[in-house]
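What follows is one structure encoded as structure tokens, with my remarks underneath.
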Amino acid sequence: MATVVCLDNFDSYYDPQVKRKNIETFMDNPNFELVEGNILDKQLLYDLFEDVDYVFHNAAQAGVRISVDNPSKSHSANATGTLNILETAVKAGVKKVINASSSSVYGKVSYLPFDENHPNLPVSPYGASKLIAEHYCRVFNELHDLDTISLRYFTVFGPRMRPDLAINIFTKKALNNETIEIFGDGSKTRDFTFIDNVVDANIRAMKNGIGEYNIGGGERISIRELAEKIVSITDSESEIIYSDSMKGDAEHTWSDVSKASRDLGYSPKIGLEEGLKRYVQWYIDFVNQ
Ligand SMILES: NC(=O)c1ccc[n+]([C@@H]2O[C@H](COP(=O)([O-])OP(=O)(O)OC[C@H]3O[C@@H](n4cnc5c(N)ncnc54)[C@H](O)[C@@H]3O)[C@@H](O)[C@H]2O)c1
């Protein structure tokens, strides 16, 4: 039986109460411990890592838009924070760091779908900071006796998802029959990954794989079609409108997951349609309670 220590500083990027509610169900579990603290605090990391085998490094300043407005915050949490995790992991004798990376490390599209050899030209400070973090992981693996793997997530969605992401915003609006606003003309495309697929990839990555791996849904859909799908699943009367696109947003993302399939045995078992249905049901049951 594994013991899980969760470290989070309950940053105010979005309502910390949402984060607390998300982990409420684990709080009585004797194998779960919550530590409130910052990955910029190396002594705290060292104290925690002394008895730890695997570090699932998810802490980050997520979000493209905030990184355009406050790039230093993204850099500090994502690049310096990851460096701290790696330095301390080496000192404490951790076996492996499983680093949450992002499709944002690709940025400018040379071809689709993205395989791991696609050029890395991030179009936002967020993408740049996640790419630096990946490089630190690779370099630490080469220099030290520390296994590292970076999982490049393609827009994750599902229960407990980040509230600032389109699927959550569209679902909320659709369920209230409110107008759905799309930034841009809706032709940008995204590969969306249901959370269960990401959890499965993390468990697989504990034992297998070194380096960078795409973890995606393997299919892409335009933002316009996504909004229409959510309106249809929720049986909503919401109108869809279009406004100016946002700076830093990638044009397209689409994963080729054959490397993860070969080395990790990963395949996205829950597709977009099924994932959206599950998310809408969770939203109705959980958020509205
Ligand atoms: N959600 C996605 O679509 C997506 C896509 C690609 C990559 N990722 C990556 O997955 C990871 C999780 O993302 P998420 O969407 O769940 O975001 P999230 O904001 O919900 O989770 C990140 C958590 O890190 C915590 N945190 C931030 N700075 C910290 C610090 N200095 N010390 C300790 N904790 C800190 C925050 O409080 C937050 O709870 C991140 O590394 C993100 O970059 C997410």
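The values are calculated or read from the model by the stated rules, or taken from the named source; none is laboratory data. On a predicted model such as this, the values are computed, not experimentally measured, just so you know. Virtual Cβ from ideal backbone geometry, glycine too; neighbours counted across all protein chains shown.
Just name the residue that is surrounded by the most Cβ atoms within 10 Å (Cβ to Cβ) out of those in the range 114-126 that are in contact (Cβ under 8 Å) with a residue 60 or more places away in the chain and closer than 11 Å to G248 by Cα.
Narrowing the range 114-126 to residues in contact (Cβ under 8 Å) with a residue 60 or more places away in the chain: 114-116, 123-126.
Filter once more, keeping what is closer than 11 Å to G248 by Cα: 123-126.
On the way: V123: 19, S124: 23, P125: 24, Y126: 26.
Across the range 114-126, the extreme among qualifying residues is Y126.
Show the residue pairs that are 6+ apart or on different chains and have beta-carbon atoms under 8 Å apart, the first residue being within the range 153-171 and hydroxyl-bearing (S, T, Y), the second being within 7 Å of the ligand (Cβ to nearest atom) and assigned to a loop (DSSP other than H, G, I, E, B).
So the pair list comes out as T155/L165.
Checking the conditions here, which among S129, S150 is within 16 Å of the ligand (Cβ to nearest atom), within 16 Å of the chain's Cα centre (by Cα), crowded, with 23+ Cβ neighbours inside 10 Å and not in a helix (DSSP H, G or I)?
Working: S129 fails: not in a helix (DSSP H, G or I).
Just a single option satisfies the conditions, and that option is S150.
Show me the helices (runs of 4 or more DSSP H) found entirely inside the range 1-102 where at least 1 residues are more than 18 Å from A205 (Cα to Cα), within 9 Å of the ligand (Cβ to nearest atom) and touching a residue at least 12 places away in the same chain (Cβ under 8 Å).
Details: elements: 16-23, 42-49, 64-69, 71-74, 81-92.
Per the criteria, 16-23, 71-74, 81-92.
Here are some conditions: (1) crowded, with 22+ Cβ neighbours inside 10 Å; (2) within 12 Å of the ligand (Cβ to nearest atom). R162 meets all but one. Which one does it not meet?
It fails just one condition, (1).
L112: modelled with pLDDT of 95 or more, away from the ligand (no atom under 14 Å from the Cβ), outside any helix (DSSP H, G or I) and among the hydrophobic types (A, V, I, L, M, F, W, C), yes or no?
Numbers: modelled with pLDDT of 95 or more: yes; away from the ligand (no atom under 14 Å from the Cβ): yes; outside any helix (DSSP H, G or I): yes; among the hydrophobic types (A, V, I, L, M, F, W, C): yes.
The answer is yes for L112.
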